[in-house]
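Beneath this line is the structure, given in structure tokens, with notes to follow.
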Amino acid sequence: MVKAEKRFSSLDVCAGAGGLALGLEQAGFDPVLLIDNRDVACETLRVNRPHWHVLEMDLMEFVPDDYPQVYDVDLLSAGLPRVQASATATRRHGSEAELELLKATIMLVPGVQPRALVVENVPDLAVKPGYESIRDFVAEELGHLGYRHRWFVLNAADHGVAQSREQGILVAFKGDAMDFFEEPAPSLEPFVTVGDALRESMSARGWQQAEEWAKQADKLAPTLVGGSWKRGGPDLGPTGSKRAWAKMGVDGGTLADDVPGPDFDWNPGAGRAGMVKLTVEQAATLQGFPAQWQIAGRKTVRYRQIGHASPPPVGQALGQSIRAALARSSA
């Protein structure tokens, strides 16, 4: 009889659409509780994993003592809202709310006592001088509690995601597990291009130029940006990203309700009207979500959740590295 692999436990905060939790699940971590303050994100989590315990709550109001199942979990994970670039972080109110959520996550550690911690955010947070003070705060708090930690940067493209998406990662361990932790190594497989990822879906309704389009879309997607929850419709990011999309014959200024039909004339030289538009489902594919993962809400809200999510393949890679370290630890 084959012995079943040991599963590990986790607490996932700021869970969003579940990208990080899904990747960690694939790596062997089962959440005892997931927390998010948006009802639509909680709906997304519940529709995909009815057995998960999902709590709709602001992280700043969460008290671990009220939820004894979270004590002594193997992993505390957080895919936190993105802080702003370091160039703007010092402006008034620049990233105050986002940095407070990072601090709140660190302050959960005494009450939860996880064996490991993983936080995902923008790469600047891990390396840029503008965030040195928050890294000092993390070092002081975790060191006081007996945790060793490391900051580093991963690119989702190195882990099978068809997108250039750098992510700043904080990993910490109690005891000696840090001695055994190895950062996830890049895949040896070639990058997955936009054309590779979307070729099948683009031809789903009989679009005759799908193969032609896919062959020239031979690049990684620029980083998907969820945008503000308070204003604007769905688009594929700032001006620079839209230019990159235009070079692949894609209108990055909006999203379509469906993929092109058989009569669509793809002619990028004619401007936006001649460019193909991506759907929300295709954006999810570019973010590394499996096709069966359902995103709740209307189009704009669905895209917001996808753009703000952590790509599941990165979560899986991180989870596998963390799990390997925990398995070798004596703590």
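Among the residues of the range 156-167, those identified as in contact with a Pro (Cβ under 8 Å, 6 or more places away or on another chain) and closer than 19 Å to Pro290 by Cα are Ala156, Asp158, His159, Gly160, Val161, Gln163, Ser164, Arg165.
Given the criterion more than 17 Å from the chain's Cα centre (by Cα), over 19 Å from Phe173 (Cβ atoms) and at pLDDT 95 or above, identify the matching residue among Leu22, Leu33, Leu45. Give the steps one after another, and end with the answer.
Working: Leu22 fails: more than 17 Å from the chain's Cα centre (by Cα); Leu45 fails: more than 17 Å from the chain's Cα centre (by Cα).
It is Leu33.
Note on the range 171-212: among residues that are assigned to a strand (DSSP E or B) and touching a Ser or Thr at 6+ places or on another chain (Cβ under 9 Å), the one that is surrounded by the fewest Cβ atoms within 10 Å (Cβ to Cβ) is Lys174. Taking the criterion of being hydrophobic (A, V, I, L, M, F, W, C), buried (at least 22 other Cβ atoms within 10 Å of the Cβ) and touching a strand residue (DSSP E or B) at 6+ places or on another chain (Cβ under 6 Å), the only residue of the range 123-151 that qualifies is Leu125. Among the residues here, Gly315 qualifies as crowded, with 20+ Cβ neighbours inside 10 Å, under 21 Å from the mean Cα position of the chain (by Cα), assigned by TED's automatic domain parsing to the domain that holds Gly18 and not polar (S, T, N, Q).
Of everything listed in (1) part of a strand (DSSP E or B); (2) buried (at least 22 other Cβ atoms within 10 Å of the Cβ), the single unmet condition for Gly23 is (1). Is it fair to say Ala273 is among the aliphatic types (A, V, I, L, M), touching a Lys or Arg at 6+ places or on another chain (Cβ under 8 Å) and surrounded by fewer than 22 Cβ atoms within 10 Å (Cβ to Cβ)? When the stated conditions are applied, Ala273 does not pass them.
The values are calculated or read from the model by the stated rules, or taken from the named source; none is laboratory data. Remember, it's a predicted structure, so these values are computed and weren't measured experimentally. Cβ atoms come from the backbone with ideal geometry, glycine included; neighbour counts cover every protein chain shown.
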